[in-house]
Amino acid sequence: MADRRPEKEPVADISQGVQLATMHALARYWANEYDWRRCEEKLKTLPHFITEIDGLDIHFIHVRSKHEYALPLLVAHGWPSSVIEQLKIIGALATRRRTARAKRTLSTW
């Protein structure tokens, strides 16, 4: 790896943070085992956009439901999270059907 790693921690538990051995294993996984191309292919199937808000470029994915009474929903993430963590819920949220009761409730708003 082309990075500088700290010396092994002086304690045998996580009281001072993540163990160095855990970080080594994680770095090896990301570098050698994680299927980045598979992840990239999933991302390419979604409609990506960039807009500017208060001078900052904001990336977002906009997936519309095919159901007439679907409520708009904004799912956000913070640092150091990633949109990749949201991939598993996008399909379920966009295809879930609302009940007749939910449709009646929406029509009374």
Q.
Just to be sure I understand the filter: pairs with C-beta atoms under 9 Å, separated by 6 or more residues or on different chains, first member in segment 42-62 and farther than 25 Å from LYS88 by Cβ, second member among the aliphatic types (A, V, I, L, M) and surrounded by fewer than 10 Cβ atoms within 10 Å (Cβ to Cβ). Which pairs pass?
A. ASP57/ILE50
Q) (1) within 29 Å of ILE90 (Cβ to Cβ); (2) of a type in the set (A, V, I, L, M, F, W, C); (3) without any contact (Cβ under 8 Å) to a residue 12 or more places away in the chain; (4) outside any loop (DSSP other than H, G, I, E, B): which one isn't true of LEU74, the others all being true? A) (4)
Q.
Anything in segment 80-109 that is modelled with pLDDT of 65 or more, farther than 20 Å from GLU41 by Cβ and not in a helix (DSSP H, G or I)? List them, or say none.
A. PRO80, SER81, ARG96, ARG97
Q) Restricting segment 16-27 to residues that are exposed (fewer than 11 other Cβ atoms within 10 Å of the Cβ) and at pLDDT below 90, which is nearest to the chain's Cα centre (by Cα)? A) VAL18
Q: Take the residues in segment 28-65 that are acidic (Asp, Glu) and more than 28 Å from ALA2 (Cβ to Cβ), then tell me which one is surrounded by the fewest Cβ atoms within 10 Å (Cβ to Cβ).
A: ASP54
Q) Of these, ASP54, ASP35, which one is at pLDDT 85 or above and on the phi > 0 side of the Ramachandran plot? A) ASP54
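The values are calculated or read from the model by the stated rules, or taken from the named source; none is laboratory data. Not measured: the values here are computed from a predicted model. When we count neighbours, we look across all protein chains shown, and the Cβ atoms used for this are built from the backbone with ideal geometry, even at glycine.
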